[in-house]
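See below for the structure under consideration.
Where a number appears in this text, it was derived from the coordinates with a stated rule and is not lab data. Owing to the predicted nature of the structure, the values given are computational and were not obtained by experimental measurement. Here the Cβ positions follow ideal geometry from the backbone for every residue, glycine too, while neighbour counts run over all protein chains shown.
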């Protein structure tokens, strides 16, 4: 059997051989090209071409032998995409949830997701913005605006992308300056229900003809809370207050060399973003929330609370990146992507969402990250296309959490002379944990394809990864509420300091093997085998005992996938299908034990398989119809949680069925301008938020519907739109946690209700 060290040598040798002697094919764009709107027709009728960079080259989507979906700038505008939790509507097999409101996205692709929401963890689905990896929650909770496109790749990634992942990748590309565009841009503003106020815009700024251009873009959104707080003097919950700014500079000193510098700053500071819901009250016995309050939410509607705490949230992100593209010769190009990011997060949560102090939580994290991606690639037109690269990533996070339990009953109920906190470790107690984690990752990768004259292509990808994860410090302390003074006593006792395990090192060789065949008439068939890998992790949720400071090893996923892509010669119909089979080993997740210890553990083995189909049709020139369907069978084969064998249960965030569809219809065209209708609908079968597959800890099957009607005035520079999201005001749950045993209720986060508004957009 080949060892990792031997395999590493083979990989290094292959990298050198390819870099020196590889022949070239496949033209590589200096910068990723814009995606043609999926709903738009080409000049001579039919569906427009979609250009993606899923393989780090600008290619027609129908010629890319992987499972990828793309959303254009026009589609993103029509769907009112504000942050990364909103991109789910037209992507097969993609789920996005927000356990901490919509500020912290948790992705699931084909049932591959994370069961650990600690701020020190990375997701098995990687998020990239302009090719920069966002590896920590505080760095991924950002607004997205002035976008060129979004690409979602399903299945393991690693031989082309910076970070090796098991589930897939979400790639966001922003608009960049254009040297030949002159002064162009747009400005839009709108109002809506819940006192919505929003304005955003972007402008291309020519500076030196054919040499230097800039772009500046901004976005501002303010919306009142959608959860009505019936408690006098307290704020409504679920509000939005977001601002973001980006400046870009493109410099082209010669035809062979380009530099693109981007700087972005975003902030989210709503008055009261949390809108937690105490549901299923009495699941563990009588007495209401917390067993003794008698509180049952009587008289409250789904979108109402009586919360005694106005929980602020404050998220800031800023970053800078430099992308260099250098044509070294007619056949070889060098690309370097350098980036630095930092962010901070502070939030307060009233976890019980009642007038009583039963459970509260505070979260704080501060992070910094640096990444460097360097790659060489072919740019010619021969049968061989190749790419070799090296990647370095380092992040540091300081993460603190405070949980407060049963402050409502702080005191000496049994009269033994000491506070109940010291009797039961719960009543009137608070626990603080704080950790500092530093991670580094170094990787070498290559992907190479050879195409025969018959249209048959073979692909080989290899990646060597070395990860180092270290806990610099980890400490847990006790605080308690003194009822005599009404004040908290901090650092009353040290629970643990310095963990028993403080370093994780791992290395891996992953690969991809693929074969594809292009057929006359516009069809492409492909088959891929790939191995995905995710490095080991530390438990960031340890509070009560040193043995909670657990660490788990890497998780691994073996993927087999076949697909067929077809477009009719008249480009009126496009059908893309895929079928996959996964073996998932050592999936990382949190196990909450009966005595409330939270242990990071892993599921030894799971099996997932499914099929997907994505159809776009243009039966008439003014009408485009979209439909997608995905079936997923995702079950644990071997797993024990809290001493219970859960083999055969469904994975979390893994619905059996997802269906979506919509239309883009130019209803009328004339001297008055044009009238356009856009609709989106999505059906999702039951989603479980617990490995126990409890119906109460799930979101039942539901469907959501959105629509937008736009009047483009003559000349198409000015447009007026009316829009509505969640037309039928469906009541959904983005997240549910099982708190029945400890608090006699289950905690949930609501999805957003019906929202509507009008907006105007001017292009210049």
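Provide the gained length on full extension for the span residue 568 to residue 63, in nm with one decimal, where the gain is 0.36 nm per separating residue minus the Cα-Cα distance.
That works out to 180.4 nm of additional length.
Between residue 525 and residue 394, what is the FRET efficiency for a Förster distance of 35 Å, r being their Cβ-Cβ separation, to the nearest 0.05?
The pair residue 525/residue 394 has a calculated efficiency of 0.30.
Could you list the residues of segment 552-571 with an amide nitrogen less than 18 Å from a label point located 7 Å from the Cα of residue 640 in the Cα-to-C-beta direction?
552-553
Just grab the label-to-label distance for residue 466 and residue 754, each label 7 Å out from Cα along the Cβ direction, in nm (one decimal).
Between residue 466 and residue 754, the simple spin-label model gives 6.0 nm.
Label 7 Å along Cα→Cβ of residue 207; segment 162-176 residues with amide nitrogen under 20 Å?
174-176
State, to one decimal in nm, how far the label point of residue 501 lies from the label point of residue 615, with both points 7 Å from Cα in the Cβ direction.
4.9
Assuming R0 = 51 Å, can you tell me the calculated FRET efficiency for the pair residue 482 and residue 728, based on Cβ-Cβ distance, to the nearest 0.05?
Once rounded, the FRET efficiency stands at 0.55.
What is the helix-to-structure angle for 4-21, meaning the angle in degrees between its Cα long axis and the longest Cα principal axis of the chain, kept from 0 to 90 and rounded to the nearest 10?
Roughly 30 degrees, rounded to the nearest 10.
By counting other Cβ atoms within 10 Å of each Cβ, how are 391, 431 ranked from fewest to most?
Ordered from fewest to most neighbouring Cβ atoms within 10 Å, 391, 431 come out as 431, 391.
Which value in nm describes the separation of the simple spin-label points at residue 340 and residue 328, placed 7 Å from the Cα toward the beta carbon?
That separation, rounded to one decimal, is 2.7 nm.
What's the center-to-center distance, using Cα atoms, between segment 539-572 and segment 612-678 in Å?
First find each Cα centre; the distance between them is then 19 Å.
Starting from the Cα of residue 228, move 7 Å in the Cα-to-Cβ direction to define the label point; list residues of segment 718-740 whose amide nitrogen is under 19 Å from there.
Answer for segment 718-740: 728-732.
Ranked by Cβ crowding within 10 angstrom, fewest neighbours first, how are 345, 326 ordered?
Result, fewest neighbours first: 326, 345.
Take each of the peptides 187-199, 482-494, average the number of other beta-carbon atoms within 10 Å over its residues, and list them starting from the highest.
187-199, 482-494
Can you tell me which of 669-677, 626-634 comes out highest on packing, and rank the rest after it, using the mean Cβ neighbours within 10 Å?
626-634, 669-677
For the chain, what does the helix formula give at 222 nm: sum of -39500 (n - 2.57) over DSSP H segments with n ≥ 4, over the residue count, nearest 500 deg cm²/dmol?
-1000 deg cm²/dmol
Taking the Cβ of each residue in 708, 605 as the centre, tally the other Cβ atoms inside 10 Å and list the residues starting with the fewest.
Fewest to most other Cβ atoms nearby, the residues stand as 605, 708.
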